[in-house]
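Below is one structure, written out as structure tokens; comments come after it.
The values are calculated or read from the model by the stated rules, or taken from the named source; none is laboratory data. Values in this document were obtained by computation on a predicted structure and should not be read as measured data. Every residue, glycine as well, gets a Cβ built from its backbone with ideal geometry; the counts of neighbours run over all protein chains shown. We work out accessible area using only protein heavy atoms, side chains counted, and drop any ligands, DNA or RNA first. Shrake-Rupley method; radii C 1.70, N 1.55, O 1.52, S 1.80 Å.
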Amino acid sequence: MIDLSGRIALVTGASRGIGYFVALELAKAGAQVIACARTVGGLEDLDDAIKAAGGRPATLVPFDLSDMAAIDKLGGAINERWGKLDILVANAGVLGVIAPIGHVEAKVFEKVMTVNVTATWRLIRTVDPLLQQSGAGRALILSSSAAHRCKPFWGPYSASKAAVEALARTWAGETQRLPLRILSVDPGATRTAMRAQAIPGEDPSEVPHPSDVAAKLMPLVGPDQTETGKLFIVRENRIADYRMPE
């Protein structure tokens, strides 16, 4: 197991799904986890699981990612307490609806963009100076194959994840000469509440558990991982280069 003792890790969407199990794995590896989510009960369950596994009690930060002022305050609070951040896992996101583009309500589209894109940019902005204070800052930005496939009826979600990947790649390019390393992550089909919302008739037992995804992400947050500006495809367990349209 990777040793993350002494490292500070921030995970959004940590109350369930991939975020929950990533936070748990980080804590089991010795990291001090800052867990963010809307659901207090889910965060408390995570903290109980971390302590049961022998990890350090998590710092729980319940708030909605649409609260931009709260995101800004989070960066200030981390700076005041630890003076740095070693690991960012920007996992939180919403699906919106599966519907023709012309049928999507404006408020639904705007929420998807606010939570998935604007909040991610705001989070990057607030933690970038903190990650640069780490000798080996690592950031994972959760994306989706939807960013590339652009399947019919998935417009808002696909557009949001394409935008998130553009942010991650731009950030990586701006920091490529620094110790900070940034990867987008395509987790693939995973047994989450979002997946059940998108494909309600699917047998969840046939879909990989989020703990499986979390385990594959752990090598990406250690100092030995040196790739940046690329995409980690979980189902293939490999880091892929981006390329221009052909």
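Quick notes on this structure:
- Looking only at region 17-40, residues that are in contact with a Lys or Arg (Cβ under 9 Å, 6 or more places away or on another chain) and either of a type in the set (Lys, Arg) or more than 17 Å from Leu4 (Cα to Cα) (or both) come to 3 in all.
Residue-wise test of (1) open to solvent by 30 Å² or more (accessible area, probe 1.4 Å); (2) modelled with pLDDT under 95.
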{"residue": "Leu65", "(1), (2)": "no, yes"}
{"residue": "His103", "(1), (2)": "yes, no"}
{"residue": "Val112", "(1), (2)": "no, no"}
{"residue": "Ala119", "(1), (2)": "no, no"}
{"residue": "Leu123", "(1), (2)": "no, no"}
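- For region 128-139, a residue qualifies if it is within 21 Å of Lys73 (Cα to Cα) and surrounded by fewer than 23 Cβ atoms within 10 Å (Cβ to Cβ), and the qualifying residues are Asp128, Pro129, Leu130, Gln132, Gln133, Ser134.
- Here the condition is being surrounded by fewer than 15 Cβ atoms within 10 Å (Cβ to Cβ), free of Cβ contacts under 8 Å to residues at least 24 places away in the same chain and within 20 Å of Ala166 (Cα to Cα); of Arg149, Arg81, it holds for Arg149 alone.
- A single member of Ala214, Ala196, Ala163, Ala172 is surrounded by fewer than 20 Cβ atoms within 10 Å (Cβ to Cβ) and closer than 28 Å to Lys28 by Cβ, and it is Ala196.
- Any hit, region 173-192, residues being under 17 Å from the mean Cα position of the chain (by Cα) and assigned to a helix (DSSP H, G or I): no
- Residue match in region 131-142 (condition: in contact with an Asp or Glu (Cβ under 9 Å, 6 or more places away or on another chain) and either in a helix (DSSP H, G or I) or at positive phi (or both)): yes
- The set of residues from region 25-55 being open to solvent by 50 Å² or more (accessible area, probe 1.4 Å), assigned to a helix (DSSP H, G or I) and over 23 Å from Val94 (Cα atoms) comprises Lys28, Asp48, Lys51, Ala52.
- Those residues of region 175-193 which are of a type in the set (A, V, I, L, M, F, W, C) and open to solvent by 40 Å² or more (accessible area, probe 1.4 Å), in sequence order: Leu178, Ala193
- Candidates Leu140, Leu178, Leu231: the one that is touching a residue at least 24 places away in the same chain (Cβ under 8 Å) and either of a type in the set (Asp, Glu) or closer than 24 Å to Lys28 by Cβ (or both) is Leu140.
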